[in-house]
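Derivation of every value follows stated rules applied to the coordinates shown; laboratory data play no part. These figures come from a predicted structure and were not determined experimentally. Cβ: placed from backbone, ideal geometry, glycine included. Neighbour counts: every protein chain shown.
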């Protein structure tokens, strides 16, 4: 029996990434270098077997990355708001230094990986995992034995790949602008 194949792609650099701002559900577009990263990734992935379905978060930085990849694969990306990044509440559009200035304890708990801590009063890591894992499972069931590509956010990737077996019904490879492919069952490390 063949398995569904997943390509998990982190969006390219946004204007807020370039400025060191936390994004959450903020909706900045790709930066100039981010568009170049996405174009480079599209060129790297173009010779590989095409995905059957391309799905993206509905936030601009992910959707713009997906649109660039979609042109290379002749696919129109499907946006899904359920795949948005971790909602970071009052931390949104602020630098790490600014957040440390008014919520040092909260930032420490977030950095320590407390799965129940609500970043900036928004979502916890557990909330995010409970939101996105069923969405991916839905796609895996609906499009069994196909090649699915997702353009996502770092927090979403961490939520999907943190626990062994989270994607038990699929082989998986993760890539960002560096386009790293992993064999099925290989360990995944996201910094």
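Side notes on the structure shown:
- The alpha carbons of segment 4-175 stretch over 48, 36, 21 Å along the principal axes, in descending order.
- The ranking of 114, 103 from fewest to most other beta carbons within 10 Å of each one's beta carbon is 114, 103.
- Distribution of pairwise C-alpha distances over segment 60-152, 5 Å bins, in %: 3, 12, 18, 17, 16, 13, 11, 8, 3, 1
- 4, 105 arranged by Cβ crowding within 10 Å, fewest neighbours leading: 105, 4
- Here the residues 110, 102, 150, ranked from fewest to most Cβ neighbours within 10 Å of their Cβ, fall in the order 102, 110, 150.
- Taking every DSSP bridge with both residues inside segment 4-175, close to 10 percent are antiparallel.
- Segment 103-152 and segment 36-76 have Cα centres lying 22 Å from one another.
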